[in-house]
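Report on one structure; see the data block that follows.
Quick note: the coordinates plus some simple rules give every number you see, no bench work behind them. Bear in mind the structure is a predicted one, so any value in this text is a computation, not a measurement. Methodologically, a virtual Cβ is constructed for each residue, glycine included, from the backbone with ideal geometry; neighbour enumeration extends over all protein chains shown.
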Amino acid sequence: MTVDRRFMLAGLAAAAGGAAFAEGPRTSTRPLPRPVGPVAEPAEPVEAPAAESADTVLEPPPELSEVIADADLSGRVACLVADARTGEILEQFNPDIRLPPASVAKILTAFYALDRLGPGFRFDTRVVATGPLINGEIQGDIVLVGGGDPTLDGRDLAQLASALRGAGVTGLTGGFHVWDGWLPHLKRVDSEQPVQSGYNPGISGVNLNFNRVFFEWRQLAGDHQLSMNAVAVSYGPDDTTVSRMRVSDRREPIFTYDDGGDHDDWSVAGHTLGLNGGRWLPVRYPGRYAGEIFAILARSNGVALPEPTLIGYRPEGQVLSRFTSGDLASIMGDMLKHSTNLTAEVAGLTSSKVRTGRTPADLPASAEEMNGWLGRRMRLRRPGLVDHSGLGGASRLSPSDMVRALVAHGPFGPVVKLIRPTKVIGREGGPIEGVEARTKTGTLNFVSALSGWLIAPEGRALAFAIFTSDLDARAAIPVQERERPKGAGAWNARARRLQRSLLRRWARYYALS
């Protein structure tokens with residue numbers, strides 16, 4: 001049996017010559033303190049375990065079903081490993097069962113985006129004037145025009161504001177507007193996550209700081225002083241009014257959220273705050289958020305901008321300042337490293353827009369475009385993704401389809417090169433010599449996935465996918481408890497142990513054979 005080996009399109013082939021807040025719930029339901037200071041070093045150096053030699057005499061491997069049974073995982077386990085060059089299937093267990101891929105889906109999104117947009121694609125954010133500049137005043141409006149850039153942060157907005165002043169602008173006769181219609185305005189990635197999940201933000205054609213705000217509190221004279229900080233690497237205004245917080249005299253729930261129509265209304269249970277601390281919260285109105293912060297930065301540069309309003313049309317006019325993102329290949333590399341949901345969704349939505357010539361209505365519509373592309377170009381049989389990040393637990397994918405995509409891409413393709421190599425750890429704790437892993441993890445409550453390539457320069461290159469899920473246990477968790485539900489951590493730990501065991505098995509018995 002083999003998995004079909006198909007070439008990728010020119011966009012992906014061209015990439016070969018070029019170039020937190022992400023996955024499922026991992027944080028406490030209580031507000032988390034902001035880290036302070038460096039992580040302490042060990043008191044004494046620890047000797048690393050010896051590497052496992054590739055020449056070790058191997059006993060015949062146990063049956064794959066025995067290894068999986070020993071993991072003692074509730075729910076379903078499905079996996080497949082194949083030769084990454086030929087597609088020859090080496091081992092499989094329930095290979096056609098469709099389970100949630102979680103953030104492993106971001107590999108497929110990288111394939112899609114690099115093919116549709118090209119590795120050199122860059123996102124563009126502009127400040128446009130609708131009238132001429134006379135004596136320092138724009139005779140008309142100033143508009144912040146978004147191009148969807150998922151990496152835009154406070155420093156980038158500061159550059160735009162500074163360039164505005166450098167162009168001689170000090171004021172305007174009209175209004176200050178934001179056009180965020182390049183992409184649809186979506187309030188969240190997945191509706192089934194807790195409202196306070198920072199990895200589940202809104203999306204629009206203008207995005208800032210991964211569409212998150214840092215909620216911080218300090219206790220002064222027996223009372224709590226609150227702030228909603230638009231920070232980006234410690235740079236940015238202290239407060240935003242697009243996200244507002246109040247303390248409530250209650251114990252549960254920890255957070256509540258109300259849609260204010262043009263802003264986010266939050267409340268937090270005062271009994272949970274403690275002395276000082278903070279945590280990231282999602283922003284549901286990213287266009288207004290970016291507009292407010294830009295106006296503040298412009299004023300600090302001597303440009304008198306009024307409060308922003310959103311407009312529903314893309315304006316024409318003179319470009320006063322412009323910020324261009326890094327190239328898409330670099331952005332996809334960072335997405336795979338940090339598993340940023342916003343980046344994956346923006347890349348997928350933009351790819352679908354370019355492919356069809358129209359703005360997708362929502363994430364499922366855009367994901368369906370990607371599913372169709374995966375079927376046509378990479379020969380996947382039943383891809384069932386509902387978004388581009390894998391955050392939505394309703395996405396379904398089989399290991400056989402995932403490996404089919406990996407084999408189509410090849411073990412030395414551009415996306416492989418974007419993933420940082422890691423060692424495969426042997427049974428004694430040291431690395432297995434002669435083989436490296438290029439992998440992407442995926443984690444949701446009672447869902448754990450791992451997929452990628454095992455590459456042995458003196459041996460074989462393998463493509464694999466491991467999907468594990470207990471969907472009944474996942475469905476039983478109330479929404480308000482999904483940040484840290486009982487039993488999920490232990491289940492996911494057992495799933496990761498199984499993944500490590502399978503990687504050791506495949507590295508020793510197949511990659512190095």
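For q values of 0.08, 0.10, 0.17 Å⁻¹, compute log₁₀ I(q)/I(0) with the Debye formula on a Cα-only model of segment 123-325, without solvent.
Log10 I(q)/I(0), no solvent term: -0.28, -0.43, -1.07.
Only counting other Cβ atoms within 10 Å, I'd like Asp258, Asp156 sorted with the fewest neighbours first.
Asp258, Asp156
In which sequence would Lys440, Lys187, Lys337 go, from the one with the fewest C-beta neighbours within 10 Å to the one with the most?
Lys337, Lys187, Lys440
Contour minus end-to-end for Ser162 and Arg244, with contour as 0.36 nm per residue of separation and end-to-end as the Cα-Cα distance?
26.8 nm
Please give every one of the lysines within straight-line cross-link reach of Lys440, meaning a C-alpha to C-alpha distance under 19 Å, and leave out same-chain neighbours fewer than 8 residues apart.
Lys106, Lys337, Lys417, Lys423
Quick one: if the Förster radius is 22 Å, what FRET efficiency do Asp334 and Asp124 give, using the C-beta to C-beta distance and rounding to 0.05?
0.75
Between Thr86 and Ala304, what length in nm is gained on full extension when 0.36 nm per residue of separation is reduced by their alpha carbon distance?
Roughly 72.2 nm would be gained on extension.
Label Arg251 and Ser227 with points 7 Å out from Cα along Cα→Cβ: what is the distance between them in nm?
Taking the two extended label points, one gets 3.2 nm.
In nm, give the distance between the simple-model label positions of Asn135 and Glu192, each being 7 Å from the Cα along the Cα-to-Cβ direction.
Modelled inter-label distance: 6.2 nm.
Per residue and in Å³, how big is the convex hull formed by the alpha-carbon atoms of segment 456-505?
Convex hull volume per residue, Cα atoms: 96 Å³.
What would the Debye equation give as log₁₀ I(q)/I(0) for segment 227-373 at q = 0.14, 0.19, 0.21 Å⁻¹, counting only Cα atoms as equal point scatterers?
Evaluating at q = 0.14, 0.19, 0.21 Å⁻¹ gives log10 I(q)/I(0) of -1.01, -1.37, -1.40.
Over the Cα atoms of segment 176-219, compute the convex hull volume and normalise it per residue, giving Å³.
101
Please give the FRET efficiency for Tyr509 paired with Thr359, using the beta carbon to beta carbon distance and R0 = 45 Å, rounded to the nearest 0.05.
0.40
Quickly estimate the mean residue ellipticity at 222 nm for the chain, helices only: each DSSP H run with n ≥ 4 gives -39500 (n - 2.57), and the total goes over all residues, rounded to 500.
Result for the chain: -8000 deg cm²/dmol, rounded to the nearest 500.
Full-extension gain between Glu458 and Arg379, please, as 0.36 nm times their residue separation minus the C-alpha to C-alpha distance.
Here the answer is 25.5 nm.
For segment 350-481, what is the convex hull volume of its Cα atoms per residue in Å³?
Output value, Cα hull per residue: 147 Å³.
Points 7 angstrom from Cα along the Cβ direction at Asp96 and Thr422: gap in nanometres?
Going by the 7 Å Cα→Cβ label model, 3.2 nm.
Remind me, what semi-axes does the chain give for its equivalent ellipsoid, largest first in whole Å, using sqrt of 5 times each Cα gyration tensor eigenvalue?
43, 28, 20
Through the Karplus equation 6.51 cos²θ - 1.76 cosθ + 1.60, θ set to phi - 60°, convert the phi angles of segment 72-78 into ³J(HN,Hα) values in whole Hz; use x for Gly and Pro.
Rounded to whole hertz, the list is 6, 9, 6, x, 10, 10, 9.
Suppose R0 equals 41 Å. What FRET efficiency, 1/(1 + (r/R0)^6) with r the Cβ-Cβ distance, do Asp265 and Leu471 give to the nearest 0.05?
Plugging the Cβ-Cβ distance into 1/(1 + (r/R0)^6) gives 0.75.
Which order results if Leu391, Leu385 are arranged by neighbouring Cβ count within 10 Å, fewest first?
Leu385, Leu391
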